[in-house]
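The values are calculated or read from the model by the stated rules, or taken from the named source; none is laboratory data. Since the model is a prediction, treat every value here as computed from it, not as a measurement. Cβ placement follows ideal geometry from the backbone for every residue including glycine, while neighbour counts extend to all protein chains displayed.
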Amino acid sequence: MRKKKIISFVILILVIVTLALLLQKLLMPKYMTKIVEGALIAEYYDEKNKNHDVIFIGDCEVYENLSPITLWEEYGITSYIRGSAQQLIWHSYYILEDTLKYEKPDVVVFSVLSMMYDTPQKEAYNRMSIDGLPLSLTKMKLAKASMLPEEDLITYIFPLLRFHSRWNELSEEDFKYWFKKDQIAHNGYLMRVDVKPASSFPKPRKLADYKFGDICYEYLDKIVKLCKDNDIELVLLKAPSLYPHWYEEWDSQIVDYAEKNGLLYINMLNHLDEIGLDFNTDTYDAGLHLNLSGAEKSSVFLGRILQTEFNLSDKRQDKYLKAVWKEKADAYYEMEADQYRELEEYGYLLKFNMKRSEENNQ
Amino acid sequence: MKIKIFVLIMVVMILFAGCGSGSENVNPSPSPTTSAAANPDNNETKPATEEKSKYYFEYNGTAIYMNDVAKPVLDVWEEPMHYFESPSCAFQGIDRVYTYNGFELYTYTDGDDETEYIFSVVFMNDSVETNEGITIGSKLEDVISKYGDDFTQEGKKYTYTDSNTTLSFVLENDEVVEVSYNLILN
């Protein structure tokens, strides 16, 4: 009798846990339209071949401005961009720590723009950088380092506790992608082929203090150490986005830091002509981010440096990798063709203009 | 049976424990925006209070308060010399910068609501001045004589605060090089 009670109790617990997990999966944002950046972090864990020469970590300056497919096609370099929207330096550190559980790249490239933030900015950005990680001690440390005062650690362990109130906002998207999501990115690269030429920018604001925050240096030191301990070369990168303004005072701090730590620092803003960027055609939002043609040009430039500086071998003749990357390239060119088709038909990209699209359909 | 009911009650209690987290934003999925990328001195969250501040900018006879709806103000003025849009990282909201003779006016939109709200006015040269007569090129002593010494200092930046607005002066070599009105963001 007692044994029967225990069994029925265990079954009850299992049923409750399963239902809670299903409910959690339903209620969590899917990030399949509009704010697709939220899907980037989780997508890495579906990657079959987690063995890359180069891992990029950082914010939109990496996931919008560099194309791993180009790095493969031009140099035979395998790479993955572990980027997320407004990824702050503590996000980058723990995301790298988590990545190293799966693979040991030869080179890690860190986007230095996030050095400008020394405090957490917004819960929604935290969610997009943290929720996609599988539950682990790293994830908990990441959440703890990132949380705003009003956030609770428990909600990162059990996101249902934070998202349960979405029940009355559930849309068709939530049910459609309940169990399986579409692929949003190409090894972390978020493609956009539309064009919006850059014109003038607001005058750069004067800052109270140009020195990067102590916490940023603390995490940069941790990234350096993590790479050294794992025998990984670290590269500091400023991507060629024209806005927000990259102050000279910031640049010189990174130059000094790189020199002191024996790191390569590439400020792509100093090489715009060499890269061949034309901000009339190579940006989709007037200079904040590059579009596909801009990202491909940047990747050709960066790939050459990475290959020569770190002696990365050309793997294009590797039969297995050749097949893997052929499949990736096919998906990439298919998305490119789809986006051009949408541009021709609607004048804008549907996924990034859902509101306009809904209004037009009414 | 009692145990089962107890377990069910516990589960429901745990599920709803997050309700009392004290966060104002019930839905943590991305919606509102003020691009922190555009201004590293700003923290990106909802505005604090809506009480009118004693610090406001006046241009062509129009008073500009932080967090006011921008359209009535923009409609009254001439076309801006420049216009710049900065979509926030991953969000659908957009920060806009309107450049007029002597200053830039920053606005933000809040999620799917396309209404623009004013969140900053930044002087570009000495053709405009604060209501108290301070402009680019003024001395620190001028600032203190007009606004008093109830300021906070962060590096070269002197900030006066009232309700939802800060009025900041950045000084270099004892001269004001930037004047800005900013919406206080929590």
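Please enumerate the residues belonging to segment A:73-121 that are surrounded by fewer than 24 Cβ atoms within 10 Å (Cβ to Cβ) and either on the phi > 0 side of the Ramachandran plot or basic (Lys, Arg) (or both).
Once the filter is applied, which keeps residues that are surrounded by fewer than 24 Cβ atoms within 10 Å (Cβ to Cβ) and either on the phi > 0 side of the Ramachandran plot or basic (Lys, Arg) (or both), segment A:73-121 yields A:Gly76, A:Lys101, A:Lys104.
Run down B:Val121, B:Val177 and say which single residue is surrounded by fewer than 17 Cβ atoms within 10 Å (Cβ to Cβ) and out of contact with any Ser or Thr (no Cβ under 6 Å at 6 or more places or on another chain).
On inspection, the qualifying residue turns out to be B:Val177.
Would you check if A:Trp72 is touching a Phe, Trp or Tyr at 6+ places or on another chain (Cβ under 7 Å) and either within 23 Å of A:Asp214 (Cα to Cα) or modelled with pLDDT under 95 (or both)?
Considered against the rule, which asks whether it is touching a Phe, Trp or Tyr at 6+ places or on another chain (Cβ under 7 Å) and either within 23 Å of A:Asp214 (Cα to Cα) or modelled with pLDDT under 95 (or both), A:Trp72 comes out as no.
Out of the residues in segment B:121-174 that are acidic (Asp, Glu) and touching a helix residue (DSSP H, G or I) at 6+ places or on another chain (Cβ under 8 Å), which is nearest to B:Asp68 (Cα to Cα)?
B:Glu132
Write out, first by first residue and then by second, each pair whose Cβ atoms fall under 9 Å of each other, whose residues are 6+ apart or on separate chains, and whose first residue, in segment A:152-169, is without any contact (Cβ under 8 Å) to a residue 60 or more places away in the chain and within 7 Å of chain B (Cβ to nearest Cβ) while the second is of a type in the set (Val, Ile, Thr) and assigned to a helix (DSSP H, G or I).
A:Leu161/A:Ile154; A:Leu161/A:Thr155; A:Leu161/B:Ile14; A:Arg162/A:Ile154; A:Arg162/A:Thr155
Assess whether A:Trp90 counts as being away from chain B (no Cβ under 14 Å), among the hydrophobic types (A, V, I, L, M, F, W, C) and under 21 Å from A:Lys139 (Cβ atoms).
Considered against the rule, which asks whether it is away from chain B (no Cβ under 14 Å), among the hydrophobic types (A, V, I, L, M, F, W, C) and under 21 Å from A:Lys139 (Cβ atoms), A:Trp90 comes out as yes.
Please determine whether any residue of segment A:210-220 is outside any helix (DSSP H, G or I), out of contact with any helix residue (DSSP H, G or I) (no Cβ under 8 Å at 6 or more places or on another chain) and free of Cβ contacts under 8 Å to residues at least 60 places away in the same chain.
No, there is no match, as no residue in segment A:210-220 is outside any helix (DSSP H, G or I), out of contact with any helix residue (DSSP H, G or I) (no Cβ under 8 Å at 6 or more places or on another chain) and free of Cβ contacts under 8 Å to residues at least 60 places away in the same chain.
What are the pairs with Cβ atoms under 7 angstrom where one residue, in segment A:32-53, is more than 14 Å from chain B (Cβ to nearest Cβ) and the other, located anywhere, is among the hydrophobic types (A, V, I, L, M, F, W, C) and outside any loop (DSSP other than H, G, I, E, B)? Sequence gap at least six, or different chains.
Taking only residues 6 or more apart or on different chains, the pairs are A:Asn49/A:Val324; A:Asp53/A:Val107.
Among residues belonging to segment B:71-92 that are within 28 Å of B:Asp162 (Cα to Cα) and within 10 Å of chain A (Cβ to nearest Cβ), point out the one that is modelled with the lowest pLDDT.
Here the residue is B:Ser88.
Can you run down the residue pairs with Cβ atoms below 8 Å, 6 or more apart or on separate chains, where the first is in segment A:321-333 and in contact (Cβ under 8 Å) with a residue 60 or more places away in the chain and the partner is surrounded by fewer than 12 Cβ atoms within 10 Å (Cβ to Cβ) and not charged (D, E, K, R)?
A:Ala331/A:Gln183
Where residues in segment B:161-186 are polar (S, T, N, Q) and in a strand (DSSP E or B), which of them is nearest to B:Phe123 (Cα to Cα)?
Among residues in segment B:161-186 that are polar (S, T, N, Q) and in a strand (DSSP E or B), the one nearest to B:Phe123 (Cα to Cα) is B:Ser180.
Identify, from the list A:Ala295, A:Ala286, the residue that is within 23 Å of A:Arg192 (Cβ to Cβ), within 14 Å of another protein chain (Cβ to nearest Cβ) and of a type in the set (A, V, I, L, M). Even if it seems obvious, please write down each step before you answer.
On the way: A:Ala295 fails: within 14 Å of another protein chain (Cβ to nearest Cβ).
Within the list A:Ala295, A:Ala286, the selection yields A:Ala286.
Run down A:Gly303, A:Gly294, A:Gly262 and say which single residue is at pLDDT 95 or above, surrounded by fewer than 16 Cβ atoms within 10 Å (Cβ to Cβ) and either assigned to a loop (DSSP other than H, G, I, E, B) or small (Gly, Ala, Ser) (or both).
Values: A:Gly303 fails: surrounded by fewer than 16 Cβ atoms within 10 Å (Cβ to Cβ); A:Gly294 fails: surrounded by fewer than 16 Cβ atoms within 10 Å (Cβ to Cβ).
Only one candidate qualifies: A:Gly262.
Among the residues in segment B:102-115, are any more than 14 Å from chain A (Cβ to nearest Cβ), touching a strand residue (DSSP E or B) at 6+ places or on another chain (Cβ under 9 Å) and in contact (Cβ under 8 Å) with a residue 40 or more places away in the chain?
Within segment B:102-115 (the criterion being more than 14 Å from chain A (Cβ to nearest Cβ), touching a strand residue (DSSP E or B) at 6+ places or on another chain (Cβ under 9 Å) and in contact (Cβ under 8 Å) with a residue 40 or more places away in the chain), the answer is yes, since at least one residue qualifies.
Conditions (1) more than 8 Å from every other protein chain (Cβ to nearest Cβ); (2) modelled with pLDDT of 90 or more; (3) surrounded by fewer than 16 Cβ atoms within 10 Å (Cβ to Cβ), marked per residue:
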site	(1), (2), (3)
B:Ile5	yes, no, yes
B:Gly20	yes, no, yes
B:Thr62	yes, yes, yes
B:Val69	yes, yes, yes
B:Ile94	yes, no, no
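Looking only at segment A:8-27, filter to residues that are under 31 Å from the mean Cα position of the chain (by Cα) and among the polar types (S, T, N, Q); which one of those is nearest to the other protein chains (Cβ to nearest Cβ)?
Ranking the qualifying residues of segment A:8-27, first place goes to A:Gln24.
Scan segment B:116-160 for residues that are touching a strand residue (DSSP E or B) at 6+ places or on another chain (Cβ under 8 Å), in a strand (DSSP E or B), within 13 Å of chain A (Cβ to nearest Cβ) and charged (D, E, K, R) and report the count.
Qualifying residue count, segment B:116-160: 1.
Which of the residues that make up segment A:196-221 are at pLDDT 95 or above and crowded, with 17+ Cβ neighbours inside 10 Å?
Residues satisfying the conditions are A:Phe212, A:Cys216, A:Tyr219, A:Leu220.
In segment B:58-72, how many are over 16 Å from B:Glu114 (Cβ atoms) and not in a loop (DSSP other than H, G, I, E, B)?
5
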